[in-house]
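The values are calculated or read from the model by the stated rules, or taken from the named source; none is laboratory data. What you see is a predicted model, and the numbers here were worked out from it, not measured in a lab. All Cβ positions, glycine included, derive from the backbone under ideal geometry; neighbour counts span all protein chains shown. Protein only, heavy atoms only, side chains kept; ligands, DNA and RNA dropped before computing areas. Shrake-Rupley method; radii C 1.70, N 1.55, O 1.52, S 1.80 Å.
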Amino acid sequence: PCIDMVAASGLRCYAGLFSVAAFSLLQSLLSFQPGVEEFSAGQAARTSPIAAVAAERRYLLYDVNPPEGFNLRRDVYIRVASLLKTLLKSSDWVLVLPPWGRLYHWQSPDIHQVRIAWSEFFDLESLNKNIPVIEYEQFLTESGGPFVEQVYVLQGYAEGWKEGTWEEKVDERPCLDQLMYSVDKHGHYRGWFWGYEETRGLNVTCVSVQGSASIIAPVLLQNTSAKKLLC
């Protein structure tokens, strides 16, 4: 995301304001909520023809600080799109759009405000002219089930930024804060995945980052063979 600094968990420090084309007023909200289903990692990938077609594709998922509002979340999308363009120079990637949920300024208690698709606000055909994007529901269908193989928790450096020359860097480091995930009896990480309780992570790693979005690319390309990554 053209991030000037990354702090806390997720793509979460931003500079500048941008606008996104194709923004439209919300006309209706999705109300479909598929039931929670028990899976084992890789189960759907062995049986789904769609998953077989996407076997070589890698999926980038991202999240944003919960308090952030609508406009800033649009800005983060543009920054993540920049990162994906870098990744696409090396292999086949697609950006998975994180479902919208209740925001601080959404005060209507009688409106469904979880698992909201991006198509409710944006024209996905227009977004796909810039980078390949898919909704989270499509990701679940074609990627082999509700598993994120690698979760990267992005954080700052414990020592902070010292005065002097600015340096872009990224390193795997011990987690600075308590993880917002719990481990279930299968050793999977459970937490907030946009209201999809069936989704869980298989591995969680904390990464200290200082720099722009492109600084994260080598980690995603070289440090892991996972095809489904969240940062």
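Tabulated data for the structure shown
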read-out: Residue ID - nearest to residue 144 (Cα to Cα), chosen from residues in the range 57-104 that are aromatic (Phe, Trp, Tyr) and open to solvent by 20 Å² or more (accessible area, probe 1.4 Å); value: 70
read-out: Condition met for residue 120 (open to solvent by 10 Å² or more (accessible area, probe 1.4 Å), modelled with pLDDT under 95, more than 14 Å from residue 228 (Cα to Cα) and not aliphatic (A, V, I, L, M)); value: yes
read-out: Criterion: closer than 24 Å to residue 216 by Cβ and not acidic (Asp, Glu) - qualifying residue of 183, 170; value: 170
read-out: Given (1) over 22 Å from residue 59 (Cα atoms); (2) within 19 Å of the chain's Cα centre (by Cα), index of the condition residue 163 fails; value: (2)
read-out: Checklist (1) touching a helix residue (DSSP H, G or I) at 6+ places or on another chain (Cβ under 7 Å); (2) modelled with pLDDT under 70 applied to residue 102, failing item; value: (1)
read-out: Residues being under 14 Å from the mean Cα position of the chain (by Cα), not aliphatic (A, V, I, L, M) and not in a helix (DSSP H, G or I) - total across the range 133-155; value: 6
read-out: Any hit, the range 132-149, residues being among the hydrophobic types (A, V, I, L, M, F, W, C), over 18 Å from residue 203 (Cβ atoms), open to solvent by 40 Å² or more (accessible area, probe 1.4 Å) and at pLDDT 90 or above; value: no
read-out: The listed residue being in contact (Cβ under 8 Å) with a residue 24 or more places away in the chain and surrounded by 10 or more Cβ atoms within 10 Å (Cβ to Cβ), out of 172, 167; value: 172
read-out: Selection within the range 193-214 - part of a helix (DSSP H, G or I) and open to solvent by less than 10 Å² (accessible area, probe 1.4 Å); value: 213
read-out: Which listed residue is modelled with pLDDT of 95 or more, farther than 23 Å from residue 224 by Cα and out of contact with any helix residue (DSSP H, G or I) (no Cβ under 6 Å at 6 or more places or on another chain), from 127, 61; value: 127
read-out: Residue check for residue 190: within 17 Å of the chain's Cα centre (by Cα), farther than 22 Å from residue 76 by Cβ and either modelled with pLDDT under 95 or surrounded by fewer than 18 Cβ atoms within 10 Å (Cβ to Cβ) (or both); value: yes
read-out: Extreme residue, modelled with the lowest pLDDT, among residues of the range 47-58 that are part of a helix (DSSP H, G or I) and out of contact with any helix residue (DSSP H, G or I) (no Cβ under 9 Å at 6 or more places or on another chain); value: 47
read-out: Residue check, residue 211 modelled with pLDDT under 95 and at positive phi; value: yes
read-out: Single residue of 226, 158, 217 found to be in a loop (DSSP other than H, G, I, E, B), crowded, with 17+ Cβ neighbours inside 10 Å and touching a residue at least 40 places away in the same chain (Cβ under 8 Å); value: 226
read-out: Check on residue 109, part of a loop (DSSP other than H, G, I, E, B), touching a residue at least 24 places away in the same chain (Cβ under 8 Å) and open to solvent by 30 Å² or more (accessible area, probe 1.4 Å); value: no
